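Working notes, beginning with the structure itself.
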Amino acid sequence: MNIVHVKPNGQELESWVALIDNEVVGHIFMKLESTDKLKFMDAWVHDDHRRKGIYRKLWDTRWEYVQNNYKGYKIYAWCKNESLPLLVEKGFSTGEICTYVEITII
C-alpha cells in the first residue's frame, strides 16, 4: 500500500489517498480553517479493504504531518463511536455527544 499526500486546493483541503496496485482504496481529509485551527474531516476505506489497517495508516500519516507542520494549531474533529478510541489515544478530549438524525420530506 502507498499513501499519497495531495496538497491544499482552493478550499484549503489537504488529503491523503491510500493506493493498492494504483487503485484508490481509501482517503482521509483535513481543512485549514484559520491560521491556528485545523479540522480533521472524513475518512473512507473501500469495503473490500476494511479491517486491514488502512484507516489507521491514513490517520497516522496525517497525524505525523500535522505534528511536523502545524505546531501550536488547535485540531478538532467530529467522529463516529468506532473512531473515538483512536482520537482519545492521541490525546483528544471528548466534547458533547451528537446523534445523527434524518428525515425525508414528502
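The values are calculated or read from the model by the stated rules, or taken from the named source; none is laboratory data. As the structure is a computational prediction, the values presented were derived from the model and not from experiment. With ideal geometry, Cβ positions are generated from the backbone for all residues, glycine too; neighbour counts draw on all protein chains shown.
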* Filter result for Y65 (out of contact with any helix residue (DSSP H, G or I) (no Cβ under 6 Å at 6 or more places or on another chain) and either at pLDDT below 95 or surrounded by 16 or more Cβ atoms within 10 Å (Cβ to Cβ) (or both)) -> no
* Restricting attention to segment 88-106, does a residue exist that is outside any loop (DSSP other than H, G, I, E, B) and surrounded by 15 or more Cβ atoms within 10 Å (Cβ to Cβ)? -> no
* Structure fact -> Contact list, first residue from segment 32-58 and within 25 Å of G10 (Cα to Cα) and modelled with pLDDT of 95 or more, second anywhere and of a type in the set (S, T, Y) and part of a helix (DSSP H, G or I), beta-carbon distance below 7 Å, six or more apart or interchain, is V45/Y55
* Asked: Which of the residues belonging to segment 1-43 are assigned to a strand (DSSP E or B) and among the hydroxyl-bearing types (S, T, Y)?
  -> S15, S34
* When only residues in segment 6-36 that are out of contact with any Pro (no Cβ under 7 Å at 6 or more places or on another chain) and of a type in the set (D, E) count, which is surrounded by the fewest Cβ atoms within 10 Å (Cβ to Cβ)? -> D21
* Cross-chain or 6+ apart pairs with Cβ under 8 Å, segment 63-89 first and within 18 Å of D42 (Cα to Cα), then loosely packed, with under 14 Cβ neighbours inside 10 Å and among the hydroxyl-bearing types (S, T, Y) -> L84/T94; V88/T94
* **Test: R51 is surrounded by fewer than 15 Cβ atoms within 10 Å (Cβ to Cβ) and assigned to a loop (DSSP other than H, G, I, E, B)** => yes
* Test: S83 is over 23 Å from N2 (Cα atoms) and small (G, A, S) -> no
* Structure fact -> Only unsatisfied item for Y100, checking (1) within 15 Å of the chain's Cα centre (by Cα); (2) farther than 25 Å from H5 by Cβ; (3) aromatic (F, W, Y), is (1)
